[in-house]
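Notes follow the structure.
The values are calculated or read from the model by the stated rules, or taken from the named source; none is laboratory data. None of these values were measured; they are calculated from a predicted model. Cβ sites come from the backbone with ideal geometry, for glycine too, and all protein chains shown count toward neighbours. We work out accessible area using only protein heavy atoms, side chains counted, and drop any ligands, DNA or RNA first. Shrake-Rupley method; radii C 1.70, N 1.55, O 1.52, S 1.80 Å.
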Amino acid sequence: MEELNLMKQAVQALMRDIPKVLRAPHRPAWHLAPSVGLLNDPNGFIQHNGAFHLFYQWNPLGCDHRNKCWGHWQSTDLVNWQHQPVALVPGACYDSHGCYSGSAVVADGKIMLAYTGNVKYPDGSRTAYQCLAQENAQGGYDKLGPVLPLPPGYSGHVRDPKVWRHQDDWYMVLGARDLQDRGKVLLLRSADLRNWQLLGEIAGSQLNGIGDFGYMWECPDLFTLDGVEILICCPQGLAAQAEQYLNVYQAGYFTGKLDYRQARFEHGAFHELDLGFEFYAPQTTQAEDGRRLLVGWMGVPEQDEDYHPTLQYGWIHILTCPRELSLHQGKFYQQPARELQQLRGENRQWQGIADEAPCWPVGSAELLLTPEGAFSADFGGAMTLLWDGALLRLTRNNLRNGQPEHRYWRGNLSQLQILFDRSSVEIFINHGEAVMSARYFPGPQPQLHLSGKTQLTLEHWSLTPCMLE
């Protein structure tokens, strides 16, 4: 009954707020955004029978982090998407306070969803259940209930199951917070997706030589890339440093080798996945052509969310573009999925001194920039990018207090590929060696203004809107 009541309210919210949402000046042209309300973590990213499925955390009733449902989009090309029936709605005794994040696998020819059922008690305590749901003939999903209660030795903060198949068994990683407030990643195994055995902690604070490293690790994702295991996770509680860990919470990765038998993950140092202002809770999948693809949330929990100008139009947050992942000489690379080239429209090229560069539109555009020295770029008067020959600095005014804030990358810069979409910028550095993603809110018809005495080579495409139906 609770699920039905929430869906009735969601339909009312859609009918009431969609006209207002469609008037929003910062609505993206080709990134995925909620129809109304709040969007956060991507969930259940998978390709099955040629179709990509992308689920997402969604509150259709408002722009806060309550009433967490799983929305569902489907695409055959990663560019044009179709709405599918809402996959999960909270209301059962095991997910009464939200259907939290998780993943998808294919078993017996059907998509299965693994998610966290969040339950809060009147005294302020909470617990979590890891649950399953199964695809039905109508394109919806039937809840199968909990398959794993809260494991002993951990707080109520155990969530975000990422499930995959290895040899003859299923494996799961879970984000966790132990009773000493240390963030962990747990590894579990099952023969049938229903009965799970906890194998142990494979990473976390005070493990594998990394010392204190946050009180909660969210959204783990473990996969193999070119024979190397990559563990993505989102540690909460890292102290900001001069040029890194500058968001409220971080998203990053370790590279190493997982010993499935011993449940040990020998890994190197933690690296941030994205050095921009907004990036969190990424999830990957292996496409049917073998590529490893990633989508992230272009937002950060508890980071000035109450000051986004889209709130007055009844919605907040978007997802990143889909990205292809690769390893080259031990370095981790992210590049825009090749399918996004379908969006390219009119092409322009230019070469010369930065001070003399044309002022091209960047409302919805792609820019390739090859510099020979220091320069600065202004994005519609709302964000600047400065390269001084050693440090790349991205700057905007903070939404809460109006003061300048910065994000940084250091290295040898050879090329920038920049994707603009009305209220977002994704900057791919040196063919994806690093990325900086950010929301920004320029005025109408923003333009690119370049300055400096260096030579630049520019290539620019207008990007056409995708179809979301």
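What to note about this one:
- Relative contact order, whole percent, for the chain stands at 14, derived from Cα pairs under 8 Å and 6 or more residues apart.
- Largest first and in whole Å, the equivalent-ellipsoid semi-axes of the chain read 36, 26, 21, each the square root of five times a Cα gyration tensor eigenvalue.
- Per residue, the convex hull around the alpha carbon atoms of region 241-351 comes to 233 Å³.
- Computed over the alpha carbons of region 1-132, Rg followed by Dmax gives 15.4, 47 Å.
- As a fraction of the 1.4 Å probe accessible area of the chain, surface on carbon and sulfur atoms comes out at 46 percent.
- Pairs of Cα atoms nearer than 8 Å and 6+ residues apart set the relative contact order; for region 175-236 it is 31 percent.
- Region 1-75 shape via C-alpha gyration tensor axes, a/c threshold 1.5: oblate
- Eligible aspartates and glutamates near Lys453 by straight Cα distance, threshold 20 Å, same-chain separation 8 or greater: Asp355, Glu356, Glu372, Asp378, Asp388
- Residue order by solvent-accessible surface for Glu356, Glu346 is Glu356, Glu346, largest first, with ligands and nucleic acids left out and a 1.4 Å probe.
- Nearest-10 value in Å² for the accessible area of Glu372, using the 1.4 Å probe: 140
- Along principal axes, Cα extents of region 210-302, largest first, whole Å: 35, 31, 20
- Dipole of the chain, positive end: most advanced residue of Gln180, Ile418, His65 [Cβ charges, Cα centre]: His65
- Gap separating the Cα centres of region 139-180 and region 275-344, nearest whole Å: 24
- Cα gyration tensor shape for region 275-420, rounded if a/c is under 1.5, else prolate or oblate: rounded
- When the pairs Lys20/Lys120; Lys110/Lys184; Lys184/Lys257; Lys68/Lys120 are compared against a 22 Å limit on Cα-Cα distance, Lys20/Lys120; Lys110/Lys184 fall above it.
- Taking a ≥ b ≥ c as the square roots of the eigenvalues of the Cα gyration tensor, region 370-469 is classed as oblate, since a/c reaches at least 1.5 and a/b does not exceed b/c.
- Accessible solvent surface per residue of the chain, calculated while the other protein chains remain in place, 1.4 angstrom probe, Å²: 40
- Distance from the alpha carbon centroid of region 207-263 to that of region 31-94 works out to 25 angstrom.
- Charge dipole (region 399-469, unit charges on Cβ, about Cα centre) - positive-most of Gln445, Gln455, Pro465: Gln455
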